[in-house]
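Bear in mind these aren't lab numbers, they're just calculated from the coordinates by the rules spelled out. Treat the numbers as computed from the prediction; the structure is a model and nothing was measured. Counting neighbours? That spans all protein chains shown, and the Cβs are built from the backbone with ideal geometry, glycine included.
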Amino acid sequence: MNQNQQSSEGRHDDDAILTEFLASLMDYTPAIPDELVEHYLAKSGFQCPDVRLIRLVAVATQKFINEVATDALQQCKARQASVIKDKRDKQQKDKRLILTMDDLSKALREYGVNVKHQEYFADAPTAGLDPASRDE
């Protein structure tokens, strides 16, 4: 009986924490607008009038996008660090990071998302430019 009492109290605490969290979502404005989340949920066949649930999906989506972007940035840094090691004798003047589709594809692959892009996508900042204007 003591075991049942403890599990009941634990469940009550979990319910209270969840209720408090859902209530806090009413005061939070996520980066992804509610209307956009509602649109894509409706497009997938999910209808929910509860704004708290819409914001919960927005927060989860925002977290996913943040994690993918962070992983893609790490891929980009690793790729550019390997280029610098190959060209040790040259000074690297441009310290900008250039995120490519390959960086993003590798990051998304870690989350089970396969991205295939067409050959015409540019993976270099000078791709598609006139050869004469590349030197400028």
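Backbone N atoms of the range 51-74 closer than 14 Å to the 7 Å Cα→Cβ label point of Asp15 are not found in any residue.
Grab the Cα-Cα distance for Val115 and Tyr28, subtract it from 0.36 nm times how many residues apart they are, and report the gain in nm with one decimal.
Numbers: separation 87, 0.36 × 87 = 31.32 nm, distance 3.20 nm.
My answer for the length gained is 28.1 nm.
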